[in-house]
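Before any comments, here is the structure.
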Amino acid sequence: MNFELTDEQRAFADSLDSLLSSADTALVARAWAEGDHAPGLKLWERLAEQGLTMLATEATPVEVCLAFEALGRHAVPGPWVEAAAYLPTALGVEVEGIATVAVPPHAPRALDADVADTVYLAGPDGLTEATVGEKHGSVDLARHLFDVEAGGTAPEDAAFDLAVLATAAQLLGAGERVLADSVTYVKQRRQFGREIGSYQAIKHQLADVRIALDFARPLVYGAALDPTPRAVSAAKVMCGDAAYLASRTGLQVHGAIGYTQEFDLSIWINKIRALVTAWGTPAFHRARILDSLVEA
Amino acid sequence: MDLQLTESELAFQAEARAWLAANVPSEPLPSMDTAEGWRLHQEWEAKLTADRWSVVSWPKDYHGREASLIEWVIFEEEYYRAGAPGRVSQNGIFLLAPIIFDHGTKEQQDRFLPTMASGEKVWAQCWSEPEAGSDLASLKSTARRDDERGGWVLNGQKIWCSRASYAHWGFGLFRSDPSAQKHAGLTYFLFPMDAEGITVRPIAQLDGEAGFAEVFYDDVFVPDSDVLGAPGDGWRVAMSTAGNERGLSLRSPGRFCAAADRLVDLYRERPDARVGDRVVDAWLKAEAYRVYTWGTVSRLAEGGEMGAAGSVNKVWWSELDIALHETALDLLGPDAELESRWLDGYTFALSGPIYAGTNEIQRNIIAERILGLPREPKGAQR
């Protein structure tokens, strides 16, 4: 029994984090939002070279979660959950190039179908190539969602569960980022002659975010070690709640500057809002947990 | 990274489970804060001790079995899953014992630990004073040097002393050097509750039982042999193990997991879809605490320290305990107000965010020591 990351896992997470820290990912996300995919595609290639697209088939869910936590922390745009979690699990092989997928009813539209080499539709009989329809904007400006022709309900299988878990990890990373940036901000911002971070009204809110994230994290890595539907849903609910608390608190302690699109915080606030209901709403996952508890 | 138990840990788990199944009383004991309940809880402690289950992580010389931290967590989980009684000796074995192990003399260890482990002597924590709660270091009760008799003379008043209504011994901090700065000049004392000059006034708690008491000290003599650590060093002695893994800060998940399981059982008996999400959320909090604790235990086993993470822990378990019991009461509907184990648990849970450092103090610690936020300017001091 050792619930600590191994040295190798830690080194992998650190190298990914330093790569992304120097990649100006906020700018990449802003360009992606405006339809300029070039910087994002270049970053995709670099991350694929680091092995991110083969983790689902070649490594364990722990490495998948480490990667998605980093993607969330740095707000990396693109259909990563689709191409690096769902599809390789469903297809049994690493995806060549960029692919995306619609998985109704929980992910009914294909994310970023305009950049994908292949667009799939998951249904009761497996994967088919999708016919892409209308494009929709998201609260997360870097997410573009495309209608696909109506299909049946896709199963809640291992591919679905890994996509849910990857989304949970992304929420965890995004929540950690908002907390870190908020702590930095309240240490600089002064009002009434002192840093606003010295007031308990601010401290206690940020402490609650720290607590929520600290207790969400083990559910992600616990689920990675034993990805049962219940464990995966537990991770998604707790990470969604914790990241959403981080985003609401982060916005509040930043005040008006946080409410601007120009300030980078907006990228994470909007991403978290989108991911909370992506790959199964909190209500769906809570119901799935309750069903499994009552049946047990 | 793995969550697998070793064969010897599994064997330990099986042994604990079998012993508990054979020995846990089938009916819950009366409250430990009644005369009859107190006696029965002491008897239960003696039974645990006879088979070395009362303090599994302690040395063999003191009734322990030198269990690892992981085994201790396993034992706690089994203990509460089996519905075993609350621990009347917990202030001693979880709060005081770590300090005696670290700062006590061999003579003190030999004299105090065996009877503490067996429940023969139950200890009360005499910590707060009427004017010193969260701001504990502002305490005013005094210890005056008595060279002639070789000891100290205590005067003053302590309050909210858990178990003091029936306890045999107490422990607390007293101001031994009135000229020293706030945290300096405090000394850690151990004293029999029936010492001359001690008056105990039980205080009825929210549920009507005398779970804590007020304690008055009127020229109470304590010999040097009952001072814990060096005179004047009491604050450091008390705080050095405040975040210790054997302390209350690492509260084992067992009790909460057992309550979460019972909550799910209750939902099966009385399903109410309107409360379903809250059942899930309460269960999730307990599950998160269970898995989180394996991380803490792994870190401590590798030589890491609890530090301010103890505050993160404390806020979480105290609030999750309330969430579990509130949800159960909502499921019970009109029966919720009737006497029941859930109601007892609820009333007890309400004290969690207050004792062992209020959750507001814990949030200050998290903000200042973990997030690195600036300290708030302190108000005027004595």
Restricting attention to region A:14-72, which residues are in a loop (DSSP other than H, G, I, E, B) and either farther than 21 Å from A:ASP161 by Cβ or among the polar types (S, T, N, Q) (or both)? A:SER22, A:ALA23, A:ASP24, A:GLU34, A:GLY35, A:ASP36, A:HIS37, A:GLN50, A:GLY51, A:THR60
Those residues of region A:267-293 that are of a type outside the set (Ser, Thr, Tyr), touching a helix residue (DSSP H, G or I) at 6+ places or on another chain (Cβ under 6 Å) and part of a helix (DSSP H, G or I) come to a total of 14
All positions within region A:1-52 that are under 30 Å from B:SER8 (Cβ atoms) and of a type outside the set (Ser, Thr, Tyr): A:MET1, A:ASN2, A:PHE3, A:GLU4, A:LEU5, A:ASP7, A:GLU8, A:GLN9, A:ARG10
Collect the residues in region A:254-276 that are within 18 Å of A:MET238 (Cα to Cα) and free of Cβ contacts under 8 Å to residues at least 24 places away in the same chain, keeping them in residue-number order. none
Yes/no for B:SER298 being at pLDDT below 95, within 13 Å of chain A (Cβ to nearest Cβ) and in contact with a strand residue (DSSP E or B) (Cβ under 8 Å, 6 or more places away or on another chain): yes
Hey, could you check region B:76-114 for residues that are modelled with pLDDT of 95 or more and aromatic (Phe, Trp, Tyr) and say which is farthest from the chain's Cα centre (by Cα)? B:PHE112
Residues located in region B:264-285, provided they are surrounded by fewer than 24 Cβ atoms within 10 Å (Cβ to Cβ), more than 9 Å from chain A (Cβ to nearest Cβ) and in contact (Cβ under 8 Å) with a residue 24 or more places away in the chain: B:LEU266, B:ARG270, B:ASP272, B:VAL275, B:ARG278
Tell me which of these B:ALA97 doesn't satisfy, since it passes every other one: (1) over 30 Å from B:ASP265 (Cα atoms); (2) not in a helix (DSSP H, G or I). (2)
If you go through region B:188-203 one residue at a time, how many are part of a strand (DSSP E or B) and without any contact (Cβ under 8 Å) to a residue 60 or more places away in the chain? 9
Tell me, yes or no, whether region B:118-131 has at least one residue that is over 24 Å from B:VAL215 (Cα atoms) and not aromatic (Phe, Trp, Tyr). yes
List the strands (runs of 3 or more DSSP E) that sit entirely inside region A:100-217 and contain at least 1 residues that are of a type in the set (Asp, Glu) and touching a residue at least 12 places away in the same chain (Cβ under 8 Å). A:132-137, A:144-148
On the basis of being more than 14 Å from chain A (Cβ to nearest Cβ), farther than 30 Å from B:ILE203 by Cβ and surrounded by fewer than 20 Cβ atoms within 10 Å (Cβ to Cβ), does B:ALA14 make the cut? yes
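The values are calculated or read from the model by the stated rules, or taken from the named source; none is laboratory data. Because the structure is a prediction, the values reported are computed rather than measured. In this analysis, Cβ positions are derived from the backbone assuming ideal geometry, glycine residues included, and neighbour counts consider all displayed protein chains.
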